[in-house]
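What follows is a short report on a single structure.
Throughout, read-outs are computed from the coordinates displayed, never taken from laboratory work. Because the structure is a prediction, the values reported are computed rather than measured. Here the Cβ positions follow ideal geometry from the backbone for every residue, glycine too, while neighbour counts run over all protein chains shown.
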Amino acid sequence: SNSSACPAVWSTIAKDLKSSFSGCNNNARSAIRFAFHDAAGYSSKTPVYAPASGGADGSLLLSSEELQRPIENPLQSFQPWLLAKWNQYKDQGVGAADIVQFAGNVGIRSCNGGPVVQTLIGREDSSTPAPDGTLPNAFGPGSDYETLTQLFADKGFSTTDLAALLGAHTCSQAFAARQIPRGAAQDSTPTTWDNNYYQGLQAVHQNKKRDSNNDADNDVADGATWSRFGRPDNGPGGPGGPPGVYHFQSDINLSQPNTSVGSEMQRFATSLDGFNSAFVDAMGRMNLLGIPADVVSGFVDCTSLVE
Ligand code: HEM
């Protein structure tokens with residue numbers, strides 16, 4: 001890839017999106033999840049088709065069938081905003097798949113401490129809905145450790161990659177998940193990109209160990225109703241306070257100590273640099289999911305605009 005070839009229009013888009021995403025706001029966080037959900041439509045277990053087998057092809061922006069799936073909730077309210085942005089620039093040769101991933105990377109960077117992910121441009125678009133069933137569940141069936149590690153392995157991600165990618169929940173809030181209060185965050189500082197997310201999950205497992213014989217209080221004890229232990233652990237609320245930190249069942253399952261994902265998450269809880277370098281590596285590949293390597297080699301590098 002060639003950075004001098006990054007088309008000028010992307011400078012305008014970078015300025016536009018940076019101001020729209022300022023402070024790691026709702027649109028910034030939605031853009032990060034939107035990029036993930038567009039790209040992660042790829043799986044080695046589904047049929048190969050051009051241009052990206054359901055991966056980073058813009059289909060989440062272009063296919064209403066894909067967008068309407070419940071797993072996308074509540075991105076249906078963000079998509080029109082991003083579509084309008086794309087409509088504003090598409091006559092200047094801007095692709096839908098490219099703007100989706102570019103916006104995700106600007107979103108990450110807009111969070112306080114957010115890293116710079118390599119940002120390549122040149123994708124082909126597709127309005128074919130990605131294969132269904134390729135995205136992870138946070139609660140209930142499919143949110144278990146085995147299913148989720150296999151799901152990500154099928155996209156080419158190792159357990160280290162998965163541990164790092166989950167760290168995006170350093171800046172997540174949940175608005176659609178009915179199992180937790182609306183707007184609840186997954187770490188205590190949702191506009192800051194840090195490793196508190198991992199620390200909070202460590203605390204959950206610590207509490208579980210400490211309290212394995214006692215189910216009388218609000219913790220992970222018996223894992224019966226996870227929302228009872230989804231209390232703010234190091235968050236602004238504390239029991240009885242305003243909504244603070246609520247964990248997804250998937251995040252708790254994947255962070256179990258003595259598992260390969262869990263031990264990497266434990267490492268990231270104590271190493272912000274370790275988290276960021278693993279995240280940048282995995283997210284750079286997420287951005288390109290399903291696109292053949294020989295096609296990627298012709299892409300141009302617009303990373304400097306994200307910095
Ligand atoms: C096992 C894997 C994952 C599961 C089960 C999962 C699930 C979820 C769920 C249920 C929400 C809340 C949606 C809502 O109710 O509004 C969410 C939010 C979010 N997720 Fe994930 N996620 C996973 C991995 C990832 C990855 C790999 C990324 C990005 C690299 C990511 C980025 C985000 C972001 C930024 C939000 C916040 C959106 C907002 O604040 O509006 N997630 N995720």
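Okay, here's what the table says:
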read-out	value
Relative frequency of Cα-Cα separations exceeding 34 Å in the chain, percent	18
Residue-averaged [θ]222 nm for the chain, counting only DSSP H segments that reach four residues, each worth -39500 (n - 2.57)	-12500 deg cm²/dmol
Under 24 Å between alpha carbons - lysine pairs in the chain that sit 8 or more apart or on different chains	5
Axial C-alpha extent at least 18 Å, average Kyte-Doolittle at least 0.0 - helices from the chain (DSSP)	96-110, 272-286
Fewest-first sequence of 157, 152 by Cβ atoms within 10 Å of each Cβ	157, 152
Cβ-based exposure ranking for 45, 155, 90, in which fewest neighbours within 10 Å come first	45, 90, 155
Distance in nm between pseudo-label sites at residue 18 and residue 192 (7 Å out along the Cβ direction from Cα)	2.3
